[in-house]
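Participant: Mind having a look at this structure? Questions to follow.
Each reported figure results from applying straightforward, stated rules to the coordinates on display, with no laboratory input. What you are looking at is a predicted structure, and each value in this text was computed from that prediction instead of being measured. Note that each Cβ is placed from the backbone with ideal geometry, even for glycine, and that neighbours are counted across all protein chains shown.
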Amino acid sequence: MTGDGVSSSALARARAAALEELRRKPRAASWRRDAIGTALAVVGSTAVMLGVGTLLSIVEVHRLSERLGPLLLLIALQGVGVYAAIAPGSKLLRRVVAVLAVVAAIAIVANRGVGASPATPPIACSASHVAVDLIPLGLILLALRRFSWTLDRSLLAGAAAAASGAIAGELSCARGWQHTLIHHVGAGLLIVIACVVISRWRKPASFAP
């Protein structure tokens with residue numbers, strides 16, 4: 001067989017494979033469906049963990065009234081942050097959500113006074129913050145594999161995942177602002193860094209923008 005024959009045969013096989021794939025999945029998946037579905041999954045997983053924490057008397061529901069402002073900011077960061085991270089080409093939206101993340105971090109620190117000194121070591125808050133963030137982080141990293149990697153995308157995704165632990169911290173921790181800055185905001189920054197590193201390291205399943 002000549003070189004032209006080999007090329008024609010390879011082209012025909014590639015064309016047949018492409019047509020078969022189109023027959024199996026004739027319509028491209030909507031990024032909006034991915035974004036909304038992932039956002040709902042992240043918020044839902046956080047709600048389930050808070051429910052479990054309430055049953056175990058770790059989460060204290062009575063703190064809702066005194067921490068309402070920061071909690072609303074964190075919930076907004078979760079939902080809109082996931083959406084903005086996945087949405088293609090949404091530079092303005094990502095800048096807005098980045099500002100929201102900074103405002104939420106400032107709010108959870110500014111809302112604390114001197115605070116109490118519980119018997120548990122302060123590092124327990126950092127550990128529980130990271131533990132609560134693991135499932136949301138996994139869900140977001142799974143979604144990010146379907147899109148090309150960008151730094152702003154992974155930063156916002158990490159911030160959205162970190163909001164889960166911050167919400168739990170607002171409803172379970174009575175310590176003051178210095179503790180909150182180090183062990184809550186600090187733990188959130190670790191999650192953001194982890195999201196950037198892992199999402200950059202993993203090979204994406206798609207290079208969609």
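Participant: Which order do the peptides 171-177, 47-53 come out in when sorted by mean C-beta neighbours inside 10 angstrom, highest first?
Facilitator: Values: 171-177: 18.3, 47-53: 15.0.
Ranking the peptides 171-177, 47-53 by packing returns 171-177, 47-53.
Participant: For region 70-110, report the translational diffusion coefficient in µm²/s to the nearest whole number, using Stokes-Einstein at 20 °C, 1.002 mPa s, and a Kirkwood Rh over Cα pairs. The partial results should precede the final answer.
Facilitator: Values: Rh = 10.2 Å.
Rounded, D is 209 µm²/s.
Participant: Right, something else. What percent do you get for the relative contact order of region 80-209 when only Cα pairs under 8 Å and 6+ apart count?
Facilitator: Values: 180 pairs, mean separation 49.1, N = 130.
Relative contact order comes out at 38 percent.
Participant: If you don't mind, there's one more thing I want to ask. In whole Hz, with x marking every Gly and Pro, tabulate ³J(HN,Hα) for region 105-111 from phi via Karplus 6.51 cos²θ - 1.76 cosθ + 1.60, θ = phi - 60°.
Facilitator: Residue by residue, region 105-111 yields 5, 5, 5, 6, 7, 5, 7 Hz.
Participant: How big is the charge dipole of region 30-201 about its Cα centre, in debye rounded to the nearest 20, if each Lys and Arg gets +1 on its Cβ and each Asp and Glu gets -1 on its Cβ?
Facilitator: Working: 13 positive and 6 negative charges, 107 e Å.
Using only the charged Cβ atoms, the result is roughly 520 debye.
Participant: On to the next question. Counting only residues 5 or more places away or on other chains, whose amide H sits under 5 Å from the amide H of R175 once H atoms are built in the peptide plane?
Facilitator: A116
Participant: For E60, E66, which order do you get if you count the other beta carbons within 10 Å of each Cβ and list the fewest first?
Facilitator: Details: E60 14, E66 11.
With the fewest neighbours first, E60, E66 line up as E66, E60.
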